[in-house]
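What follows is a set of notes on a single structure, which appears directly below.
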Amino acid sequence: MSSKITGIKGMGDILPEQTPVWQRVEQVLQSVVKAYGYRELRVPVVERTELFKRSIGEVTDIVEKEMYTFEDRNDESLTLRPEATAGIVRAGIGHGLFHNQKQKLWSAGPMFRYEKPQRGRYRQFHQFDVEVFGYDGPDIDAELLMIVARVWKELGLSAIELQLNSLGTPESRQSYRAELVDYFAAHKNVLDEESLARLERNPLRLLDSKNPEMQPLIAAAPHITEHLDAESADHFAGLQEMLTDAGIAFTLNSRLVRGLDYYTRTVFEWVTDQLGAQGAVCSGGRYDRLVEHLGGRPTPAIGWAIGLERIVELCTLAGEGAGQGPDAYLVAVGEAAGRQALLLAEALRDQSPGLSIEVNCGGGSFKSQFKRADKSGAAVALILGEEELAARKVGVKPLRSETEQVTVAWPEALAAIESFI
């Protein structure tokens, strides 16, 4: 016997029992962004490695430790995308989407990072991204956050908090960076090995450390909001006013810096305490210099990404997904009934295109078929035996209530089914 081939660590399968919740989350996300006038853009899973080095930053954890990078047969370095924004910007520049235009876009699909697999963090994970180009006022920042708030409302999720910060411009950050380096350098004896490396290369990331022993030191560090340039401060104040007017609660978090180099001004995270250490479920911010940095014309931009695995888990914890199954399961007893069952189901689907009917295939006794019907999660069982076939009738038995079975003529079957679902 050959040895079995197992899946790749951190790249899980999404089983049929789980997919209804995924479909529900995806449907809500797509319908909400469509309601705000956003259009879908699909980009490749593989990009040139240089794209991520230039956009995310060569001294970030993602580029240094987490990317799946390989050389193709032409000796070109390629990378499985660790995030979506860089690819969307690359596509927008390449297809002229930003030239004298404003764009509101969304994209979705798998991302890849070589991380230690744990709850809420996987090596293949899925994101839903929204990206906006050509708008520089705080109104679009507010709209993006209003979209997320509406998604939570549509999904029935409430235990999610918005944290907000502003990083200012790269120029205004220089004085803050210098002050931050001086502060942490004076406490080198407290810094762990990773933080010592960040001190030299990317000191803002020190504020993102999860080391419990460093939290008192981080809490006493200088605040970036004290170094904002006047324009960024006005932008941030305007955003806060708009969110307050919209009734969206938020908490200011001056330690929120995000893990990517391209962010400017507004940054934010929606976080929950229901998923353990991996509390962020939606993250994003402005990246007003990225389009120009990747070869395009100066273009203000902002976006966010929702981690679908974490939202699916929140929905599951809230009871989403229970009772998922077809509307009806057609039990057919006898060879002639088995053949007719396929045709009857087709006729019902023609009458109601949204109707879901699973036909028993492969035969089996009446008892075994009923077990399959119950296990399928269907709301009703349709029964087609020799007597029903001869009379051109079908039995309709509710499986999720104590309501009595009825027998109806085939033309009346759809109405009977719909009365029970």
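Okay, here's what the table says:
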item: Total residues in region 33-49, condition part of a loop (DSSP other than H, G, I, E, B) and either basic (Lys, Arg) or not assigned by TED's automatic domain parsing to the domain that holds residue 294 (or both); result: 1
item: Filter result for residue 96 (small (Gly, Ala, Ser), at positive phi and touching a residue at least 24 places away in the same chain (Cβ under 8 Å)); result: no
item: Failed item, numbered, when residue 157 is tested on (1) within 30 Å of residue 221 (Cα to Cα); (2) outside any strand (DSSP E or B); result: (1)
item: Subset tally (residues that are touching a residue at least 60 places away in the same chain (Cβ under 8 Å) and part of a helix (DSSP H, G or I)) for region 385-421; result: 5
item: Residue within region 364-374 that is buried (at least 16 other Cβ atoms within 10 Å of the Cβ), touching a strand residue (DSSP E or B) at 6+ places or on another chain (Cβ under 9 Å), of a type in the set (A, V, I, L, M, F, W, C) and in contact (Cβ under 8 Å) with a residue 12 or more places away in the chain present; result: yes
item: Number of the condition not met by residue 326 [criteria: (1) within 27 Å of residue 61 (Cα to Cα); (2) touching a helix residue (DSSP H, G or I) at 6+ places or on another chain (Cβ under 8 Å)]; result: (1)
item: Any hit, region 49-71, residues being surrounded by 13 or more Cβ atoms within 10 Å (Cβ to Cβ), of a type outside the set (A, V, I, L, M) and on the phi > 0 side of the Ramachandran plot; result: yes
item: Residue match in region 343-351 (condition: on the phi > 0 side of the Ramachandran plot and not assigned by TED's automatic domain parsing to the domain that holds residue 86); result: no
item: Qualifying residue in region 15-22 (condition: assigned to a helix (DSSP H, G or I), modelled with pLDDT under 95 and of a type in the set (Val, Ile, Thr)); result: yes
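Yes/no per residue for (1) outside the structural domain of residue 282 (by TED's automatic domain parsing); (2) touching a helix residue (DSSP H, G or I) at 6+ places or on another chain (Cβ under 9 Å); (3) crowded, with 19+ Cβ neighbours inside 10 Å; (4) at pLDDT 95 or above:
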| position | (1), (2), (3), (4) |
| --- | --- |
| 117 | no, no, no, no |
| 124 | no, no, no, yes |
| 139 | no, yes, no, yes |
| 142 | no, yes, yes, yes |
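The values are calculated or read from the model by the stated rules, or taken from the named source; none is laboratory data. Keep in mind that this is a model prediction, so the values were computed, not measured. Note: ideal-geometry Cβ built from the backbone for every residue, glycine included; neighbour counts use all protein chains shown.
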